[in-house]
1. Under 28 Å between alpha carbons: how many lysine pairs meet that in chain B, if sequence neighbours fewer than 8 apart on the same chain are excluded?
2. Kindly identify chain A as rounded, prolate or oblate by the Cα gyration tensor criterion: order the square roots of the eigenvalues as a ≥ b ≥ c, call it rounded if a/c is under 1.5, otherwise compare a/b with b/c, prolate if a/b is larger, else oblate.
3. Ignoring any ligand, DNA or RNA, what whole percent of the accessible area of the protein assembly as shown comes from carbon and sulfur when the probe is 1.4 angstrom?
4. How high is the FRET efficiency from B:D85 to A:R198, r the C-beta distance, R0 30 Å, rounded to 0.05?
5. Using every alpha carbon pair in the range A:88-192, what percent of pairs falls into each 5 Å bin from 0 up to the bin containing the largest distance?
6. Give me the three principal axis extents of the protein assembly as shown from the C-alpha atoms, as integers in angstrom, largest value leading.
7. Residue separation times 0.36 nm, minus the C-alpha to C-alpha distance between A:A290 and A:Q188: what's the value?
8. List for the range A:83-127: residues with 20 Å² or greater reduction in accessible area, all protein chains versus chain alone, probe 1.4 Å?
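The values are calculated or read from the model by the stated rules, or taken from the named source; none is laboratory data. If you're wondering where the values come from, they're calculated on a predicted model, not measured in any experiment. Cβ placement follows ideal geometry from the backbone for every residue including glycine, while neighbour counts extend to all protein chains displayed. All accessible areas refer to the heavy atoms of the entire protein, side chains included, with ligands and DNA or RNA removed. Shrake-Rupley method; radii C 1.70, N 1.55, O 1.52, S 1.80 Å.
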Amino acid sequence: MTAVDHRSHDHVELDTLARRARWHIVNTVATSKAGHIGGPLSAADLLTALYFRQLRIDPTNPSNPDRDRFILSKGHCAIGLYSVLALRGYFPEEELATFDHGDSRLQGHPDMLLTPGVDASTGSLGQGLSAGAGMALAAKRLEKDFHTWVMVGDGEIEEGMIWETVISAPRFRLDNLTLIIDLNGLQQYGWPRGEGDRFDRSEPMGHVDLEAVFRGFGWQTLSIDGHDWEEILTAYATANERRGVAGTPTVIIANTAKGHGISFTRGTYKWHNGIATTEELELAHSELIAELLLEGNDR
Amino acid sequence: MKAQRVVWGETLAEIASTDPTLVVLDGDLATSTRADIVADKQPDAFIEVGIAEQNMVGMAFGMSTLGYRPWLSTFGVFLTHRAIDQIRMLVSQTKAPVRIAAAYSGLLNGSSGKTHQDIEDFAIMRAMPNMTVIAPADEYEAASVIRWAAEHPGPVYIRFARDAVTPVFPEDHVFEVAKPVAVRNGSDVTLISTGVQTSRTLDAANILAEAGIEAQVIHLATLKPLDDAALLSLIGNQENVVTVEDHSRIGGLGGLVAELLSERGGTRLTRIGLEDRWSESAPNEFLLEKYGLSAERVAESVKASLLITAR
């Protein structure tokens, strides 16, 4: 193999972490026989970059009042968040094996009362952005200099409540609030594939010019490739630098692919959730981890 | 006589003058709920959120995670119905100190009719874990409840009435959470009431007295948590118990008392409340009369219940 000279060392490190997160996702769901696959995988790079390069957090002090906040509004992708939290040191990676089990701290949907590092309970879609707006407004009033990040899915923004907050956040001048849309192109079932659709079902927001919509509501917009480290990190830094300056919130429209990172889950609506067979797990392992070991040996 | 909503606005403004954690989030109904009193007197404590109740609940939750103890200002119906999912996940399940001030609750809401009459709120909120559910009787109890709730560490639902009623309690009345209070003694029948209906139920007891029936009247300001033993002790060995409420007969105060009494037996319970149908827009007196909650109609129903031979 050739050396990976087209990527910086930083990106290789992030790539390694994201591969481990993806392996945790598919392996944990297979072990627990419950949980989602496609959404956690599409968000894995965005979450990895956020937790390892952007958020000002301390896993040993998860309730630090000055920490940056993150809300996974698409709460059914909990295993994606848990995998990254474990890698970041909030709890042991071994604990992931308790996901969705009785008496576990790792519930099917994030529970702020149970899991260290979870800033808001989510699960019923569409609510995380308003929770984040409340945190951002409180931060402004208390003159706290932290940033609040919220991630939603492209299917999730079909929920009407999202738009109540999209209208009101600019009125409160919440430039300390950033919305990340994981635009992975599929929802659980949705509509039959149409012209221009990337995957095997219709894109939830395929007919919507999201940039124009958010601009119209007074948001700053950034459109990126949600699987490109450079673009992700640049967008995060840009959004973060607007805090206290821009006067309006930022939306990062991250173009991703549902199920990204594993060949047989990518772009396939049926992998919204699913339990990988032994053979599928072997294949996922070879694509995510074995390849990583090969690359590692190469360097 | 003062309406509970005026007391609410005035009391919150007073608390906010010394308590920086108190904020009121308004769903564009401040001139009705009287949150405008807070906006006038303590503008920093007032936050207009617009006609977006779901977002209002979400933002209140978010602010509560930073130490604020927010109050919500809108009609009860837009909280217990429109924003119930947000209350459920973000407030009840997280034990957030959000105060759900349900204005214009019950049947009487200024002739707005069935769209605005929240007659199912007790049934819904009572079933919600972690929720404290309170319906103050009058202006004085309302003031005391507001002060209690302002300090409570968890979620609180408070049912407020639009219009003033004849006070049940003296001005210095102090609300005690979970405690039922006997506001009238009598040995022929026990009437249990809640919210501003207690005032009309007391009037009904006085009408009954003219007919030689002495009714005990118990006011239950707190539907949850409830000091069960205290209520059972007040009821004593009374065999005839009647609940009276400005709420559906399903799942509210009558349901609560039925659940409690079913565990001990020996008591015949009559539930006076709204039948299982929607109401209409009309002046208060018309609605109370037609839907059986005026003092006269309650007295008639109690008499009728006493004519039925005990099992």
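1. The number of close lysine pairs in chain B is 12.
2. Working: a/c = 1.43, a/b = 1.29, b/c = 1.11.
The shape class here is rounded.
3. 49
4. Values: r = 31 Å, r/R0 = 1.04.
Rounded to the nearest 0.05, the efficiency is 0.45.
5. Result returned by the calculation: 2, 11, 17, 18, 17, 16, 10, 5, 1, 0.
6. That works out to 102, 53, 48 Å along the principal axes.
7. Contour length minus the Cα-Cα distance gives 33.7 nm.
8. Checking the loss per residue gives A:M112, A:L113, A:S121, A:S124, A:Q127.
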